[in-house]
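Data first, discussion second: the structure below is written as structure tokens.
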Amino acid sequence: MRHALLSVLPCVVLGVVVALEGVASAQDPHGLAGPRETSTAEDLLRRARQARDTRRWAEAEAAYEAALMAADAAWTTDAERAEIAAELGLCELALGSYRDAADHLAQSLRHRGALRRPLAERAEEGLMKAERRVVTLYLGVSPPDAEVFVDGKALGRRAPTYELFLEPGQHTVRAWLEGHSEAVGAFDGQAGKASSLTLKLPRAPERSAQERGVLTAAGAGPVRPAAPLPPPAARRALPLTELRIGGAALATAALAAGTVFLLRADVIDGNLAERDVVLRQRGWTSTTCFGPNAPSACAEIRKEATERGRFATLGNVALAAGAVFGIATAASFLVEGWLLDGTPAREGVHVVPSATGTQAGLVLRGVW
């Protein structure tokens, strides 16, 4: 009996090992043991390229998307991630997923210098095709750490400006930040058109000491009638406080919009400059687009140049308007005494001249 057990024991151990290996193989369909993200990404890329070369776009898209997730988790370079994002966007473009294609192609072109030139040119052409089918939204948010929701879905990242690609139609954008009032904006996007939106979240008003006292006493029993409030101060002839707040808000919004417009114009200008270098290498000259048999690409170049000029003009106008609102708001402090017969309101802002041995200026005191 003892000899029989000793002979059976090795077989049992071998069976357990084989069973565990079978379970591991079933859980890992690619035959990869352990969390080796780099190996997984390389294997997925190999499968994605094979599917792409045979125009199996759906299979290639799924493999490239999985490879991009694996690359984000592994120690990969910006160039490697940009190449995967470009290939993924081109597959999505072939499948008609224009919004996702524009998103991934724009992501890859943020590292255009790290891409191989043929792939960068294909990604740029693909992005232009995708942008004709989607809405491009340039969104500015202040404060920049607010959480942004588009059509109820969180973006998952926080930044002062965003370049978003959306399907044509009605969209609602909401920004939220603790301690601030919520900001909401809506717009109707048209395919091939760019829209801009700025959301500013004002600080939520704090409760007064009297309101806090009433809330505290509400749970302890009957509350005594509050002492009568002092009579309100005489109403000002001009609502300077409201005008100042409005002027500051308009100045901030105009400056933010101008910055977004100029950034877009700068991106288009860079694209035109890079394309000019490529076309000149192909033998183009400054008069190629003015001949009777001008290539069809000239119309696209003129369109981008017109768009660059339009965004640059809008940006300069918005910056100028913001500067005007800002100067007008600052000037309101200087003229307050004159507009109020030389007697500023006690609860307002006081402008006090100040001079030292090396400086001279004005000191603003008060709350507004």
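Being part of a loop (DSSP other than H, G, I, E, B) and either free of Cβ contacts under 8 Å to residues at least 12 places away in the same chain or not assigned by TED's automatic domain parsing to the domain that holds A253 (or both): is that true of R99 here? Give the steps one after another, and end with the answer.
Numbers: part of a loop (DSSP other than H, G, I, E, B): no; either free of Cβ contacts under 8 Å to residues at least 12 places away in the same chain or not assigned by TED's automatic domain parsing to the domain that holds A253 (or both): yes.
Judged against the criteria, R99 is not a match.
Among A41, A73, A114, A82, which is the only one that is at pLDDT 90 or above and in contact with a helix residue (DSSP H, G or I) (Cβ under 8 Å, 6 or more places away or on another chain)?
Details: A41 fails: at pLDDT 90 or above; A73 fails: at pLDDT 90 or above; A114 fails: at pLDDT 90 or above.
That would be A82, the only listed residue that is at pLDDT 90 or above and in contact with a helix residue (DSSP H, G or I) (Cβ under 8 Å, 6 or more places away or on another chain).
Find the residue count for region 148-160, including only residues that are touching a strand residue (DSSP E or B) at 6+ places or on another chain (Cβ under 8 Å) and either more than 16 Å from Y138 (Cβ to Cβ) or exposed (fewer than 12 other Cβ atoms within 10 Å of the Cβ) (or both). Reasoning before the result, please.
Kept after step one, since they are touching a strand residue (DSSP E or B) at 6+ places or on another chain (Cβ under 8 Å), are these residues of region 148-160: 148-152, 154-155, 158-160.
Within this subset, residues satisfying the condition of being either more than 16 Å from Y138 (Cβ to Cβ) or exposed (fewer than 12 other Cβ atoms within 10 Å of the Cβ) (or both) are 149, 151-152, 154, 158.
The number of residues fulfilling the criteria is 5.
How do the pairs read when you match residues in region 151-178 that are of a type in the set (D, E, K, R) with residues anywhere that are surrounded by fewer than 18 Cβ atoms within 10 Å (Cβ to Cβ) and assigned to a loop (DSSP other than H, G, I, E, B), using Cβ under 7 Å and keeping only pairs 6 or more apart or on different chains?
R158/P144; R158/D145; R174/E182
Right, A102: of a type in the set (G, A, S), closer than 30 Å to L155 by Cβ, in contact with a strand residue (DSSP E or B) (Cβ under 6 Å, 6 or more places away or on another chain) and modelled with pLDDT of 50 or more or not?
So A102 passes the test.
Do we have E163 as surrounded by fewer than 16 Cβ atoms within 10 Å (Cβ to Cβ), at pLDDT 90 or above and in contact with a Phe, Trp or Tyr (Cβ under 8 Å, 6 or more places away or on another chain) here?
Values: surrounded by fewer than 16 Cβ atoms within 10 Å (Cβ to Cβ): no; at pLDDT 90 or above: yes; in contact with a Phe, Trp or Tyr (Cβ under 8 Å, 6 or more places away or on another chain): yes.
When the stated conditions are applied, E163 does not pass them.
Pick from A67, A63, A79: which is in contact with a His (Cβ under 8 Å, 6 or more places away or on another chain), more than 25 Å from Q190 (Cα to Cα) and in a helix (DSSP H, G or I)?
Working: A67 fails: in contact with a His (Cβ under 8 Å, 6 or more places away or on another chain); A63 fails: in contact with a His (Cβ under 8 Å, 6 or more places away or on another chain).
The match here is A79.
Any residue in region 297-315 that's in the same structural domain as D269 (by TED's automatic domain parsing): show its pairings with residues that are surrounded by 13 or more Cβ atoms within 10 Å (Cβ to Cβ) and among the aromatic types (F, W, Y) at Cβ separation under 6 Å, as long as the two are six or more apart or on different chains.
F311/F261; L314/F261; G315/F261
Which of the residues that make up region 143-164 are touching an Asp or Glu at 6+ places or on another chain (Cβ under 8 Å) and over 20 Å from F187 (Cα atoms)?
Scanning region 143-164 gives a single hit, R158.
Test D72 against the criterion of being touching a strand residue (DSSP E or B) at 6+ places or on another chain (Cβ under 6 Å), among the charged types (D, E, K, R) and either assigned to a helix (DSSP H, G or I) or crowded, with 22+ Cβ neighbours inside 10 Å (or both), and give yes or no. Give the steps one after another, and end with the answer.
Details: touching a strand residue (DSSP E or B) at 6+ places or on another chain (Cβ under 6 Å): no; among the charged types (D, E, K, R): yes; either assigned to a helix (DSSP H, G or I) or crowded, with 22+ Cβ neighbours inside 10 Å (or both): yes.
Spelling it out, it is not the case that D72 is touching a strand residue (DSSP E or B) at 6+ places or on another chain (Cβ under 6 Å), among the charged types (D, E, K, R) and either assigned to a helix (DSSP H, G or I) or crowded, with 22+ Cβ neighbours inside 10 Å (or both).
Filter region 292-325 down to residues that are of a type in the set (A, V, I, L, M) and under 22 Å from T136 (Cα atoms), then give me how many there are.
Filtering region 292-325 for residues of a type in the set (A, V, I, L, M) gives 294, 297, 299, 301, 305, 312, 314, 317-321, 323-324.
Then drop every residue that is not under 22 Å from T136 (Cα atoms), which leaves 299, 301, 305, 312, 314, 317-319.
Final tally of qualifying residues: 8.
The values are calculated or read from the model by the stated rules, or taken from the named source; none is laboratory data. What you see is a predicted model, and the numbers here were worked out from it, not measured in a lab. No Cβ is skipped: glycine too gets one built from the backbone with ideal geometry, and neighbour counts run over all protein chains shown.
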